[in-house]
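**Q** Below: one structure in structure tokens.
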Amino acid sequence: MQNAQQTVEKAFKAILNQYEIPVKRTHNIFELNLILIKNSININITEDECDLLNSIYIPSKYPLGSVLPDFEPNEKICRNVFEIAERVYSEVRNLLKQKT
């Protein structure tokens, strides 16, 4: 599931880079999305989806126990995370094509 989080993070950073918008070093999806919104770039992702993706990154990168601290991933959660990543990736890819 960390790969799904990374997909969204890197997609957001790619669009920021393409639009020459400075970004500090962060893995926080919510924070990256706010930067996009402040620059009138709206990606179809909710605050809850950002929070879900953020809940995956740190524990899976630096595990102390479970990948998800508050719950065990099940098929429904995994599918949801992958659908978010796929949707965001597709949307960002289309925006990048329009920019070039």
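**Q** Could you calculate the contour length gain from Gln18 to Gln2, that is, 0.36 nm times the residue separation minus the distance between their Cα atoms, to one decimal place in nm? Write down the numbers at each step before the final one.
**A** Details: separation 16, 0.36 × 16 = 5.76 nm, distance 2.40 nm.
Difference between extended and current length: 3.4 nm.
**Q** What is the gain in length, in nm to one decimal, between Asn28 and Thr46 on full extension, counting 0.36 nm per residue of separation less the C-alpha to C-alpha distance? Present the calculation step by step, with values, prior to reporting the outcome.
**A** Working: separation 18, 0.36 × 18 = 6.48 nm, distance 1.38 nm.
Gain on stretching Asn28 to Thr46: 5.1 nm.
**Q** At 1.4 Å probe size, put Phe82, Phe30, Phe12 in order of accessible surface, largest to smallest. Spell out each step's value before the answer.
**A** On the way: Phe82 105, Phe30 65, Phe12 0 Å².
My answer, sorted largest first, is Phe82, Phe30, Phe12.
**Q** Short version: ³J(HN,Hα) in whole Hz for each residue of the stretch 30-47, in order, from phi by Karplus 6.51 cos²θ - 1.76 cosθ + 1.60 (θ = phi - 60°), x for Gly and Pro, what are they?
**A** Each residue's phi maps through the Karplus curve to give 4, 5, 5, 5, 4, 4, 4, 4, 4, 9, 6, 10, 10, 9, 6, 8, 8, 4 Hz.
**Q** Right, another one. Using only the heavy atoms of the protein chains and a 1.4 Å probe, how would Glu9, Glu49, Glu83 rank by accessible area, largest first? Before the final figure, lay out the partial values.
**A** On the way: Glu9 0, Glu49 35, Glu83 110 Å².
Descending order: Glu83, Glu49, Glu9.
**Q** Using the structure shown, list the pairs from Lys24/Lys97; Lys13/Lys76; Lys13/Lys38; Lys13/Lys97; Lys76/Lys97; Lys38/Lys99 with a Cα-Cα distance above 21 Å, or answer none. Intermediate values should be presented prior to the final figure.
**A** Working: Lys24/Lys97 24 Å; Lys13/Lys76 27 Å; Lys13/Lys38 14 Å; Lys13/Lys97 15 Å; Lys76/Lys97 32 Å; Lys38/Lys99 18 Å.
Correct reply: Lys24/Lys97; Lys13/Lys76; Lys76/Lys97.
**Q** Considering only protein heavy atoms, what is the solvent-accessible area of Lys10 at a probe of 1.4 Å, reported in Å² to the nearest 10?
**A** Near enough 100 Å² of accessible area.
The values are calculated or read from the model by the stated rules, or taken from the named source; none is laboratory data. This is a predicted model, so every value here is computed, not measured. Calculation scope for accessible area: heavy atoms of the full protein, side chains included, ligands and nucleic acids excluded. Shrake-Rupley method; radii C 1.70, N 1.55, O 1.52, S 1.80 Å.
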